[in-house]
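The values are calculated or read from the model by the stated rules, or taken from the named source; none is laboratory data. Bear in mind the structure is a predicted one, so any value in this text is a computation, not a measurement. Here the Cβ is made from the backbone with ideal geometry for all residues, glycine too, and neighbour counts use every protein chain on show. These accessible areas exclude ligands, DNA and RNA; they are computed on the full protein's heavy atoms, side chains included. Shrake-Rupley method; radii C 1.70, N 1.55, O 1.52, S 1.80 Å.
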Amino acid sequence: MAVCPGTNGLRRGAGFLALGAALCLPGPAQLRLPLDQLGARRPPNFTPAFAGQTVVVRGVVSARAFHFPDYTFLAFEDARGGAVIEVTSDSRSVNGYQPGDEIEVQGMVSAHAGMVTILPSEIRSLGRRAAPVQRDLPLEDLLGFQHLGQLVRTEGRVIDTGETTGGAYLTLSSRKGDYRLFIPHALGIPSASLADFSKGDKVEAAGVALQYCTTAPCDRWFELLVGDTSQLIRTERSGTVSPLVVAIGLSAVLIIGFVLWNRERRLRWQRERLRKTYQLGEEILSASSMEAILAGISESLPRILGVTRVHLYVYNRGTKALNAVVSGGHQPVSISLSSPPGGTHAGAVACFHYRTLLVIPDIDRSPFPIAAGAGEDGPKSLLFVPMLSQGEVAGVLELDQDDRARDFTTDEQALAQHLGNQIGVAIRLLDQRSVQEQLFRTEKLAAVGRLITGVVNELQTPLSSISELASRALVKSQMTPADREVSAIAAEARKASAIVSRLVSFAAAEQGEARPVCVSTLLRSLIEFRERDWKASGIRVQDLTSSEQMFVLGSHGQLEQAFLTLFVHAEQSLAEAAEKTITIRTSILGKRVVIEITFTAPSDARAPQETAAVLGVTRSVIGGHGGEVRLIEKNNTEPCFEVELPLTARERVGTAVPLSVPLRDAHRRMTALVIEPDDTVQRQLLALLAARGFRVVPVDNADTGLDLTQRMRFDAAFCSVHAPGLNWVELSERLQSRVGAFILLADHYDAELSADFEGESRFVVAKPLQEADLERVLKAMDMVVGVRNGDA
């Protein structure tokens, strides 16, 4: 506690006057007070309530006397409070008291720097009792009058250190304010140095609670009077951290470390999943078939997305259905888009129609109709992904989760959509590759045809001579022993000549005009041609062709080649079949002849791309004759090629019917490219052009058409304004130097479009197509060709 030297004389004088008054004058009756009442205050300046009155108090000494240069304090307590005896003359009178001495004090109530004290006139010793016990109190409880004069112990963190003439001090901080620990000098001897203590240290101290407030009001500046530095204990050095803080910090570090480790683990898994996804995407784009794509995603997607099973459905334009891609040994499934079945197939059809992801987290709680057909052993969760390519849906990817219900996250849905789009692109690439292979085979067949034609032309003359000479020899050698040998030579020569003629019809398509062809005779001839090979392979043939002659208008060689291609494909499909039977049947339906070629295989055993290639080759030929060819299933066991051709009148057999080809190119057959996604319009245009002698190559998107024009020469290109891929404006510019004429197929007549677009070798035709409009365009094309050739 700091001491103010300027007031010491006044305080000492007041003490002598009070003592003299007590000894010389008759005093009032003695007032006995408990110590808590002795410390009572009078507002507003909080001065002692009994100031100047003589009182008698009793208590037990709590600490040894505190000596200051001009006065001494002795603290004592009772059960209700504490007080301080202030001695200003002879401090030795209180030096003999020890903690535990019970005393009775008579004296006058006074105040010292705001602290209530008693100036003793008499101190009587009453004996010994147990020394008062230190009270453990927080700093906040000591910032008030309640515990003044009591022996207490507290702790706090040092915010300041210093020294005055009366002693050294430490300032502690609390929520209510600062609190000072004061160590007085002992009888003029400086107290131990507090240099070992510094700001930030946490200390624990024991002493007597006092107040040192020199200005009114006396309600602040409380302090703890400490006897010596032994009563000061440093519990924590500045800069050190408490165990609780260390524990909290360590826990925070562990939590942050776990979060970072978990985040890194998640990022590492995401990077690994992306790497696997990119690898799977490359495998998809380089796959050679849909079965290979299904095998790849069935192996990889369960590890990437955690699904149980994968299904793949590809859109079939011809049948307007979703065909399930299956591995070897499984029965193929075709899902109708107009009347889909129940179960998960309904979800695939809905995804195809809506062109968006369809997520079913829990199939048992889903209102979607597939829940009813799922069954107890079916999947618990489903994800349907549309496979998009160039703005069109190429099919649907289905992901199943069997063991539990789950909700696919946004990232998983985006990843599945990415893979689905890559599969859609792969389907496009497979289609284009199939078209390119067809073109390559066509070019190869054309080269082989030219070679065969050259060889046949060389063989025809000697074979004719051999046949003629054999006939003459047969006439001259009648009734001779050589008759039998000469007859065999003549028969074999005629047979060789027939084979050579057939090779000529295969190698060179008839040009210039179409003639009536008897389908019945053509089929029986092909059956006879292949009969020996079929018998060698164990194939039984059922010839159910009608004996009635049925004629179609067209090229005998092209039709023969198309039917022979179907026969060979059926023959090869029966290689592994237990029962090998090919049935050929003809019938008349309206004004069309229907030819059915059925073979007893459990399903079309050839690879789907091979079957598609066969249909592609024959479809262009049959379509050029105004007919259709398709593959259908009979009784779920027997595939059947069904060919329809328009019948022609019998009386036209003897008359050659010229094809309506453009006059300027009458020496060769013209070729047209049709780019039309609508199957109905495509078939109509194909029939109209085929009837006019055009070879027609139909495609459903502009990109494939552009690729074809780089490999083949086309006299005309018909393009729909809605063709997917490259837009028709840019396509017409890029095809300007590659085709003879570009005909734009508009939805309706548009005078403004016609005026802007039509020009040299460019035309606009409105849908639905009319023969008069087509004839107008063909005549205009003929005039353009004539001008270019210098004939106009």
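I'd like the accessible area for HIS748, computed on protein heavy atoms only with a 1.4 Å probe and all protein chains in place. Round to 10 Å², please.
110 Å²
With a 1.4 Å probe and all protein chains kept in place, how much accessible area does GLU633 have, in Å² rounded to the nearest 10?
GLU633 has an accessible surface of roughly 100 Å² with all protein chains in place.
Round to the nearest 10 and report in Å² the accessible area of ASP196, as given by a 1.4 Å probe over the protein chains' heavy atoms.
110 Å²
Pull up all non-local amide H partners of PHE68: gap of 5 or more, or a different chain, and H-to-H distance under 5 Å with H placed in the peptide plane.
PHE73
Which sequence of THR161, THR410, THR704 reflects their accessible areas, 1.4 Å probe, from the largest down?
Reading off the accessible areas and sorting them downward yields THR410, THR161, THR704.
How much length would be gained if the chain were fully extended between GLN37 and GLU204, taking 0.36 nm per residue of separation minus their Cα-Cα distance, in nm to one decimal?
My answer for the length gained is 57.1 nm.
Quick one: 3J(HN,Hα) in Hz for the stretch 761-771, Karplus 6.51/-1.76/1.60 with θ = phi - 60°, rounded, Gly and Pro as x.
6, 10, 9, 10, 10, 8, 8, x, 5, 10, 4
What list of ³J(HN,Hα) values in whole Hz, one per residue of the stretch 678-689 in order, does the Karplus curve 6.51 cos²θ - 1.76 cosθ + 1.60 (θ = phi - 60°) give from phi, with Gly and Pro shown as x?
Here the 3J(HN,Hα) series is 7, 4, 5, 5, 4, 5, 4, 5, 4, 5, 5, 6 Hz.
Show the residues, 5+ positions off or on another chain, whose built amide H is closer than 5 Å to the amide H of ALA741.
ALA716, ALA717
From the phi of every residue in the stretch 721-738, what ³J(HN,Hα) in whole Hz does the Karplus formula 6.51 cos²θ - 1.76 cosθ + 1.60 yield, where θ is phi - 60° and glycine or proline is x?
Calculated HN-Hα couplings, in order: 5, 9, 5, x, x, 4, 5, 5, 5, 5, 4, 4, 5, 6, 8, 4, 9, 10 Hz.
Below 15 angstrom from the Cβ of PRO243, what's the summed charge of the other residues (Lys, Arg +1; Asp, Glu -1)?
That sum, taken over residues with Cβ under 15 Å, equals +1.
Out of residues 5 or more away from GLY114 or on other chains, whose amide H comes under 5 Å of its own, with H placed 1.01 Å from N in the peptide plane?
CYS213
Past 27 Å, Cα to Cα, is the threshold; run LYS276/LYS380; LYS591/LYS779; LYS320/LYS779 against it and keep the listed order.
Too far apart for the 27 Å limit: LYS591/LYS779; LYS320/LYS779.
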